[in-house]
Amino acid sequence: MSSAPNQSDLPFISVVVPVRNGEDMIDDCIASILACDYPADRHEVLVVDNASTDATPEVIDRHPVRHLTEPNRGVSFARNRGIAQGRGDVFAFIDGDCVADPSWLRELAAAFSDPSVGCVAGELRHLPAGTAAERQAVRMLGEWQRYAVNSNPPYAITANAAFRRSVFDEIGPFDTRMPRAQDVELGLRFNERSTLRLAYSEHAVARHRHRSTQRGFFRQQLGWSYGAGLVAAKYHAIDGRPSPPPRLRDIGTQLRGLGVTLRLLLTRRGKRAWVEDAWFSLMRQVAWYVGARAGMRRGARVFRGEAERRRAQGGIAYPKPPPEPPPA
């Protein structure tokens with residue numbers, strides 16, 4: 001039988017939790033991290049309040065964690081604040097709308113026993129769904145992280161991911177010009193520049209709380225698509241190869257699908273769940289059409305001159321990703 005590792009052999013982990021206006025969620029998130037079965041003297045929890053206007057700071061202060069503030073709005077700024085202030089050999093990231101399983105930190109740490117691993121992606125699962133929007137998110141996302149690490153090129157969704165400190169020294173922190181899709185951009189930069197590799201730990205589980213309303217679902221999809229457009233614009237600025245934006249006819253396809261399911265429901269041959277799925281698929285497609293195009297336009301301005309900057313730094317072009325939504 002193999003013996004358990006000595007406590008001193010475990011990496012010291014800085015857990016970074018960015019949050020903005022999360023007074024209804026952050027309490028559960030912090031409590032779940034503090035309940036993890038990882039030695040208390042081998043980790044710290046840094047909760048970064050990203051200019052909240054609600055009672056989030058008061059909720060954070062109820063817990064024995066390091067409470068940091070970041071006045072620049074944007075999750076990249078918040079995560080970078082945690083990286084700058086953390087003492088860890090490893091930085092573990094979890095979002096304020098997630099809760100960690102008790103074994104989360106232990107499973108993440110185990111993957112770093114391999115010195116060739118620089119990033120560990122833990123699996124993202126779902127808290128129980130009670131509304132139509134939450135049910136749709138569960139159906140749509142499935143094993144969310146497994147999809148990301150098997151993409152081409154792979155990346156880690158930073159709602160549940162960990163990096164060695166040396167990775168940030170090697171490739172830099174999160175790009176603060178990316179208000180969305182920071183994890184995609186960082187993951188692609190990791191693939192391009194790091195000498196270490198990405199590992200997937202399916203037992204390092206964090207559970208995501210999905211948006212409960214149709215408005216929240218639509219806004220989240222807009223945010224994801226806007227980020228995808230920014231990433232696509234950055235690649236275009238680097239290597240000159242444009243990514244095609246979403247097409248208007250894709251919305252028409254989803255609209256026709258909704259019409260078919262409504263007719264089936266009226267003739268009692270369809271199921272209400274089919275209509276629900278078709279309706280949210282239409283909303284999602286509209287959001288991706290609008291958001292990705294807006295992100296590409298914004299990114300064309302933000303990343304103008306990126307190729308020249310990277311050539312001056314001796315960098316090479318990233319692998320090219322398609323601007324597409326998460327799996328349906």
*Amide H neighbours of residue 20 under 5 Å, at least 5 residues apart or on other chains, H built in the peptide plane: list them.*
50
_In order through the range 87-93: 3J(HN,Hα) via Karplus (6.51 cos²θ - 1.76 cosθ + 1.60), integer Hz, x for Gly, Pro_ = 9, x, 6, 10, 10, 9, 10
*Would you tally the net charge around residue 61, using a Cβ to Cβ cut-off of less than 14 Å, leaving residue 61 out, and scoring K and R as +1, D and E as -1?*
-3
*Enumerate the amide H contacts of residue 200 below 5 Å, restricted to partners 5 or more residues apart or on another chain; note that Pro and chain-start residues carry no placed amide H.*
121
_Show me, for the range 99-110, the HN-Hα J-couplings you get by feeding each phi into the Karplus relation (A = 6.51, B = -1.76, C = 1.60, θ = phi - 60°), rounded to Hz, glycine and proline as x._
10, 8, 5, x, 8, 3, 5, 4, 5, 4, 4, 4
*If you plug each phi of the range 202-210 into the Karplus form 6.51 cos²θ - 1.76 cosθ + 1.60 with θ = phi - 60°, what whole-Hz ³J(HN,Hα) values come out, in order, with x for Gly and Pro?*
5, 8, 8, 9, 10, 10, 8, 8, 7
*Given H placed on each backbone N at 1.01 Å, which residues far from residue 43 in sequence or on other chains put an amide H within less than 5 Å of it?*
13
*asked:* I need the peptides 221-229, 293-301, 193-201 ranked by packing, meaning the mean over residues of other C-beta atoms within 10 angstrom, with the highest value on top.
replied: 221-229, 293-301, 193-201
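Here, each number is a calculation from the coordinates, and none is a lab measurement. Keep in mind that what you see is a predicted model, and the values were worked out from it rather than measured. Quick reminder, even Gly has a Cβ in these numbers, built from the backbone with ideal geometry, and neighbours come from all protein chains shown.
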